[in-house]
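To keep things clear, I will list the structure first and then write my remarks on it.
The values are calculated or read from the model by the stated rules, or taken from the named source; none is laboratory data. What you see is a predicted model, and the numbers here were worked out from it, not measured in a lab. Every residue, glycine among them, receives a Cβ derived from its backbone with ideal geometry; neighbour counts consider all protein chains shown.
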There are 2 protein chains.
Amino acid sequence: MLENKNQERTSLEQLGEFGLINHLTKDFPINLKSTIKGIGDDAAVLNFKDKRTVVTNDLLVEGVHFDLSYMPLKHLGYKSVVVNLSDIYAMNAKASQILVSIAVSNRFPLEALEELYEGIALACNFYKVDLAGGDTTSSTKGMLISVTAMGEVREENIAYRNGAKPNDLLVVTGDLGGAYMGLQVLEREKEVFKVNPNSQPDLEPYSYIVERQLKPEARKDMVVLLKDLQVKPTSMIDISDGLSSEILHLCKQSQVGCKLFEDKIPLDPTVISACEEFKMDSTLVALSGGEDYELLFTIDQKDFDKIKGNPNLTVIGHMTDESFGANLITRGESQIPLTAQGWNSFSG
Amino acid sequence: MLENKNQERTSLEQLGEFGLINHLTKDFPINLKSTIKGIGDDAAVLNFKDKRTVVTNDLLVEGVHFDLSYMPLKHLGYKSVVVNLSDIYAMNAKASQILVSIAVSNRFPLEALEELYEGIALACNFYKVDLAGGDTTSSTKGMLISVTAMGEVREENIAYRNGAKPNDLLVVTGDLGGAYMGLQVLEREKEVFKVNPNSQPDLEPYSYIVERQLKPEARKDMVVLLKDLQVKPTSMIDISDGLSSEILHLCKQSQVGCKLFEDKIPLDPTVISACEEFKMDSTLVALSGGEDYELLFTIDQKDFDKIKGNPNLTVIGHMTDESFGANLITRGESQIPLTAQGWNSFSG
């Protein structure tokens with residue numbers, strides 16, 4: 001759980017609640033002008049001037065969203081920030097502040113939380129957001145992380161889920177299925193380790209997909225790119241639960257249908273080879289895998305020339321009249337209705 | 001756990017994550033002009049115009065912050081909102097939106113969550129705030145509630161913790177110690193119930209203090225009152241961890257000392273009699289009990305006439321030079337340094 005197994009372990013009781021949050025957050029700088037007051041009062045005070053405020057909150061629960069047997073705490077801290085920032089970017093907004101609250105059992109020493117906060121600090125620095133508040137408390141079992149992310153955006157630039165029109169092009173950033181296949185590799189290695197604790201896994205061939213799972217990035221760069229290209233998405237969402245479920249969200253809220261072309265779905269070669277190895281269908285993995293944190297958006301056809309040829313952006317289909325429904329057009333040109341196979345954390 | 005033990009139980013698996021949050025939040029109205037977009041997109045969109053945004057987040061963990069054996073879920077929902085709004089009011093701000101995320105194990109049926117959200121809806125309606133977002137997910141054990149509260153305030157009206165000056169008067173709203181003594185009564189009844197499950201507790205004599213514990217209110221009314229009286233606190237904090245610890249926060253951040261007069265601490269007669277019954281010192285209960293969610297603030301002496309005689313406001317001391325330290329002046333006129341005996345959730 002700790003990177004350096006020999007370091008000292010300081011129990012959380014020694015610090016108490018007030019000492020703990022002060023200790024963990026003492027090195028976090030406040031960089032943004034919009035952060036008037038960060039940690040240290042009853043609430044953070046922010047100044048978004050004439051821009052709109054966007055805000056989102058997510059919980060990450062040990063044993064449900066992460067497994068500390070293969071998730072280093074620094075990565076977990078980083079990822080817990082990233083998954084929330086992704087929601088801010090999905091509004092076409094600039095992320096600015098986060099609040100992080102954690103509940104942990106006494107099994108975690110101080111040094112474990114320091115690693116977690118190192119990862120949080122890395123993400124804050126990389127994405128240029130301020131840690132502006134939060135809370136630490138105890139739990140009766142395991143670790144739980146709550147992240148609230150905030151951002152700012154001009155009214156006219158907000159990309160909601162409900163603005164797609166028939167004939168709009170459906171575009172996705174990056175490639176899909178990597179995070180899910182990375183998880184399959186890690187779960188397999190965990191089983192091997194259980195049988196033989198001396199086994200040394202060789203994750204090198206899987207480094208891309210394992211990193212997609214353990215250290216995903218949010219597509220801040222794509223929000224900047226779209227602005228530079230002067231493209232405003234007519235609708236946008238981030239891919240946390242799998243392409244299929246996100247397309248259905250856009251269709252439902254925009255009251256449109258969709259044609260998604262199987263042969264257009266961007267897949268990394270590593271994902272394809274891992275799917276072969278695990279005997280999984282790569283299209284199904286892209287549709288239902290989730291946790292890729294890419295952006296999925298629609299644009300007016302007239303904007304196609306602006307994005308054409310950009311290696312980060314792939315047109316995977318187009319929106320249709322609502323009566324058509326949301327359908328996958330397979331390589332064999334048959335038409336299959338998309339279903340929400342998004343990850344359901346209450347089952348299994 | 002459920003008020004009506006005979007009603008149907010619907011398992012959470014039947015609904016899944018997406019269905020669940022939609023179901024629970026479908027009847028929540030959006031009332032405020034500042035809520036541009038509530039639940040249903042990647043993030044909420046808010047418009048605070050030329051005001052500052054204040055934001056705070058808290059976690060409530062089953063077995064640490066609440067005990068469902070005597071805390072009805074509707075009350076829990078209400079209280080989880082109230083404790084966060086209290087932080088917004090402590091900035092002298094107007095609370096406007098909340099995001100509520102919950103993690104629950106499969107032991108909770110849908111109907112339990114409906115009760116929880118009934119309490120959340122009651123609080124939203126009473127305090128005139130919009131539920132603007134949130135998330136539901138599963139936990140491996142128990143229930144955890146994360147609430148993010150937001151508010152708005154004009155820059156010049158913000159009351160930080162760090163503005164108190166020597167000779168400022170120290171003022172508290174309402175009375176103290178009730179929530180803690182209510183907890184003592186409930187814990188005692190729980191022990192009695194364990195021995196004899198047929199016992200019928202008579203909580204009538206304790207109704208005030210039990211209500212202070214189970215259904216606390218945040219002092220929105222006091223923020224309005226201070227505005228009406230044209231009093232701007234020089235510093236302010238809410239009393240969640242006990243008077244002593246909150247005074248020390250104000251002193252430390254304002255770099256002042258304090259004289260707190262024991263005979264001025266406002267105590268309800270029910271609290272005094274419960275302290276006698278439980279053989280507890282009522283001053284110690286007020287100093288260390290916590291969860292009263294009253295406001296503690298300092299005002300310039302020239303504002304004294306404006307608050308004088310108001311039954312909701314009690315002057316309990318005054319600030320001093322930092323070198324004096326923070327001290328309790330007892331009824332016997334001896335001087336005792338205040339210590340942070342605020343509730344430490346990592347011990348015990």
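Quick notes
- Test for residue A:163: is it over 21 Å from the mean Cα position of the chain (by Cα) and modelled with pLDDT under 95: no
- Evaluated against (1) of a type in the set (D, E, K, R); (2) surrounded by fewer than 23 Cβ atoms within 10 Å (Cβ to Cβ); (3) within 13 Å of chain B (Cβ to nearest Cβ); (4) touching a residue at least 60 places away in the same chain (Cβ under 8 Å), residue A:107 falls short on exactly one condition, (4).
- Given (1) modelled with pLDDT of 95 or more; (2) not assigned by TED's automatic domain parsing to the domain that holds residue B:244, index of the condition residue B:307 fails: (2)
- Where strands (runs of 3 or more DSSP E) fall wholly inside region B:23-74, the ranges with 3 or more residues that are within 7 Å of chain A (Cβ to nearest Cβ) are B:44-46, B:52-61.
- Selection from region B:139-152 of residues that are in contact (Cβ under 8 Å) with a residue 60 or more places away in the chain and either surrounded by fewer than 22 Cβ atoms within 10 Å (Cβ to Cβ) or of a type in the set (Asp, Glu) (or both): B:142, B:152
- Per the listing A:241, A:202, the residue uniquely assigned to a loop (DSSP other than H, G, I, E, B), within 22 Å of residue A:95 (Cβ to Cβ) and of a type in the set (Asp, Glu) is A:241.
- Unmet criterion (only one of (1) in a helix (DSSP H, G or I); (2) over 15 Å from the mean Cα position of the chain (by Cα); (3) in contact (Cβ under 8 Å) with a residue 40 or more places away in the chain) for residue B:232: (1)
- Filtering region A:294-327 to residues that are touching a Cys at 6+ places or on another chain (Cβ under 9 Å) and not in a strand (DSSP E or B) leaves A:322, A:324, A:325.
- Of all the criteria given as (1) free of Cβ contacts under 8 Å to residues at least 60 places away in the same chain; (2) in a helix (DSSP H, G or I); (3) touching a Lys or Arg at 6+ places or on another chain (Cβ under 6 Å), the one not satisfied by residue B:210 is (3).
- When B:260, B:248, B:287 are screened for being part of a helix (DSSP H, G or I) and more than 18 Å from the chain's Cα centre (by Cα), only B:248 passes.
- Residue in region B:284-295 that is more than 30 Å from residue A:104 (Cβ to Cβ), surrounded by fewer than 20 Cβ atoms within 10 Å (Cβ to Cβ) and out of contact with any Asp or Glu (no Cβ under 6 Å at 6 or more places or on another chain) present: no
- Residue match in region B:73-83 (condition: of a type outside the set (Asp, Glu) and on the phi > 0 side of the Ramachandran plot): no
- Looking only at region A:128-170, and only at residues there that are under 30 Å from residue A:329 (Cα atoms) and among the polar types (S, T, N, Q), the one that is farthest from the other protein chains (Cβ to nearest Cβ): A:167
- When A:54, A:81, A:129 are checked against the criterion of being buried (at least 24 other Cβ atoms within 10 Å of the Cβ), under 15 Å from the mean Cα position of the chain (by Cα) and among the β-branched types (Val, Ile, Thr), a single residue qualifies: A:81.
- Residue list for region A:97-141, restricted to those being part of a loop (DSSP other than H, G, I, E, B) and either closer than 21 Å to residue B:101 by Cβ or modelled with pLDDT under 95 (or both): A:105, A:106, A:107, A:108, A:109, A:129, A:139, A:140, A:141
- Which numbered condition residue B:7 fails, given (1) closer than 30 Å to residue A:161 by Cβ; (2) in a loop (DSSP other than H, G, I, E, B); (3) modelled with pLDDT under 85: (1)
- Condition met for residue A:132 (in contact with a Phe, Trp or Tyr (Cβ under 8 Å, 6 or more places away or on another chain) and not charged (D, E, K, R)): no
- Condition met for residue B:278 (surrounded by fewer than 20 Cβ atoms within 10 Å (Cβ to Cβ), touching a residue at least 60 places away in the same chain (Cβ under 8 Å), in contact with a strand residue (DSSP E or B) (Cβ under 6 Å, 6 or more places away or on another chain) and of a type in the set (Phe, Trp, Tyr)): no
- Criterion violated by residue B:318 - all others in (1) within 14 Å of chain A (Cβ to nearest Cβ); (2) touching a Leu at 6+ places or on another chain (Cβ under 8 Å) satisfied: (1)
- Residue ID - nearest to residue A:320 (Cα to Cα), chosen from residues in region A:250-288 that are within 14 Å of chain B (Cβ to nearest Cβ) and touching a Lys or Arg at 6+ places or on another chain (Cβ under 6 Å): A:250
- Any hit, region B:263-283, residues being under 24 Å from residue A:22 (Cβ atoms), touching a Gly at 6+ places or on another chain (Cβ under 8 Å) and not in a loop (DSSP other than H, G, I, E, B): no
- Failed item in (1) at pLDDT 95 or above; (2) under 24 Å from residue A:206 (Cβ atoms); (3) crowded, with 19+ Cβ neighbours inside 10 Å, with residue A:242 passing the rest: (1)
- A residue that is within 10 Å of chain A (Cβ to nearest Cβ), assigned to a helix (DSSP H, G or I) and among the small types (Gly, Ala, Ser) can be found somewhere in region B:81-96.
- Of the criteria (1) at pLDDT 95 or above; (2) closer than 20 Å to residue A:72 by Cα; (3) out of contact with any strand residue (DSSP E or B) (no Cβ under 7 Å at 6 or more places or on another chain); (4) hydrophobic (A, V, I, L, M, F, W, C), which one residue A:147 fails: (3)
- The selection criterion, being at pLDDT 95 or above, surrounded by fewer than 21 Cβ atoms within 10 Å (Cβ to Cβ) and more than 10 Å from chain A (Cβ to nearest Cβ), does not hold for residue B:196.
- Yes/no for residue A:179 being assigned to a loop (DSSP other than H, G, I, E, B), among the small types (Gly, Ala, Ser) and more than 10 Å from chain B (Cβ to nearest Cβ): no
- Check on residue A:99, within 11 Å of chain B (Cβ to nearest Cβ), within 27 Å of residue A:41 (Cβ to Cβ) and not hydroxyl-bearing (Ser, Thr, Tyr): yes
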